[in-house]
DNA sequence: GTGCAATCTTGCCAGTGGCACGTTAGTCTT
DNA sequence: AAGACTAACGTGCCACTGGCAAGATTGCAC
């Protein structure tokens, strides 16, 4: 009706556009503050168009989480490939959290998305396998992986929510190297 | 008007009652899903009564976070007092996260509360001092404290959001001991 | 007792998520 | 090329939410 005559009825590439808008909105107001209507406004469509593509708000956040897990997996694989160093994988983990805060925030708040989503589970499993191994790995190695993941994940989250001492909050990657040096991983 | 004739107009102890109701609600629907109106309903008052005591929704969540930081500080101090062991303080940290999930969830989502609240900052500072020392501590010790806090915090959050391998998700406290054994803290 | 401040309620408003239903336009069949 | 089908979007509506303004109730100081 009063819709732009220039803009076509069919957006043509709406789903990724909504995803980008959602990430932008989350960066500004957080995952909880983000609203479907605001995201839709940014993409220039009605809010029900977003519902059509993602089912509901949790569905949209699930899609953001899936994208996040894939990006994180890629970043970790690239670090592993480049440095052949488990430490550098950990540093890459912290770097991802800092540079992809909106994704990271959503990824680790399962109350916000559909935990049983198939794509989400697959993306999570792939990332988890890189960090603490698959089901076949022995107990010692798995415990070491969990210890390493816990360390970098804790550091990343503490940095994100402002719980690090000011002396160490400036350069999170440097802090990651210092902190990771206190880990003892005999089977790595 | 249609209000219960039994219940007095003045509740007499409403603030703590609302806090308890908020914690219960958060336990069921998460911090984001909690609503002022639902909390007020549980306490048997109108939703503006809650606004009166806490200013706004963020104020209520801030109060929950303050209570959480105090409870956590007490729990860590008790563990330190009883076992004289830094490891047991870390185990107590994980135990707190598991047994006080509503508080823990709110505490580490600063987007949900008033970060500049004086009581909150004081409660946070007290807990932080127990974990990585005060401002006067030397750099090595501070880095060790941050490493230890990162490890247990990461383990706790990964457990809470279901990112631990199933082999280690059953007994979080036992996992905390195993994982913490990979930390090397020469100055502790 | 009377004034006053603290506590709680009612009424209202804009914003939100989700549903039912209508509209548009691309695609496929014949 | 005409029509049928369906994917992609919009409109209208509903209950719910947070927050504000204004009023009602009560305890308390004096």
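Every number here is computed from the coordinates shown, using simple stated rules; none is lab data. These figures come from a predicted structure and were not determined experimentally. Cβ placement follows ideal geometry from the backbone for every residue including glycine, while neighbour counts extend to all protein chains displayed.
Quick notes on this structure:
- Over the range B:9-55: Rg over Rh, Cα atoms, Kirkwood Rh: 0.95
- In terms of its Cα atoms, chain B spans 68, 41, 30 Å along the principal axes, sorted from long to short.
- Chain B: angle of helix B:139-160 to the longest principal axis, Cα-based, in degrees nearest 10: 60
- Helix-derived mean residue ellipticity, 222 nm - over chain A, DSSP H n ≥ 4, -39500 (n - 2.57), to 500: -23000 deg cm²/dmol
- For the residues A:47, A:83, A:103, a GNM of chain A with alpha-carbon springs under 10 Å puts the largest fluctuation on A:83.
- FRET efficiency for residue A:98 and residue B:171, using Cβ-Cβ distance with R0 set to 30 Å, rounded to 0.05: 0.40
- At 1.306 mPa s and 10 °C, Stokes diffusion of the range B:75-180 via Kirkwood alpha-carbon radius, µm² per second: 108
- A Gaussian network model of chain A, with springs between Cα atoms under 10 Å, assigns the largest mean-square fluctuation among A:110, A:172, A:31 to A:110.
- With Rh defined as the Kirkwood radius, the inverse of the mean 1/r over Cα pairs, the Rg/Rh of the protein assembly as shown is 1.00.
- Take each residue in A:162-175, count the other chain C-beta atoms within 10 Å of its C-beta, and the mean is 4.
- Spin-label model distance (nm) - residue A:27 vs residue A:140, 7 Å beyond Cα toward Cβ: 4.5
- On Cα atoms only, tilt of B:118-132 relative to the major axis of chain B in degrees: 20
- B from A by rotation - nearest chain A beta carbon to the axis, in Å: A:154, 1
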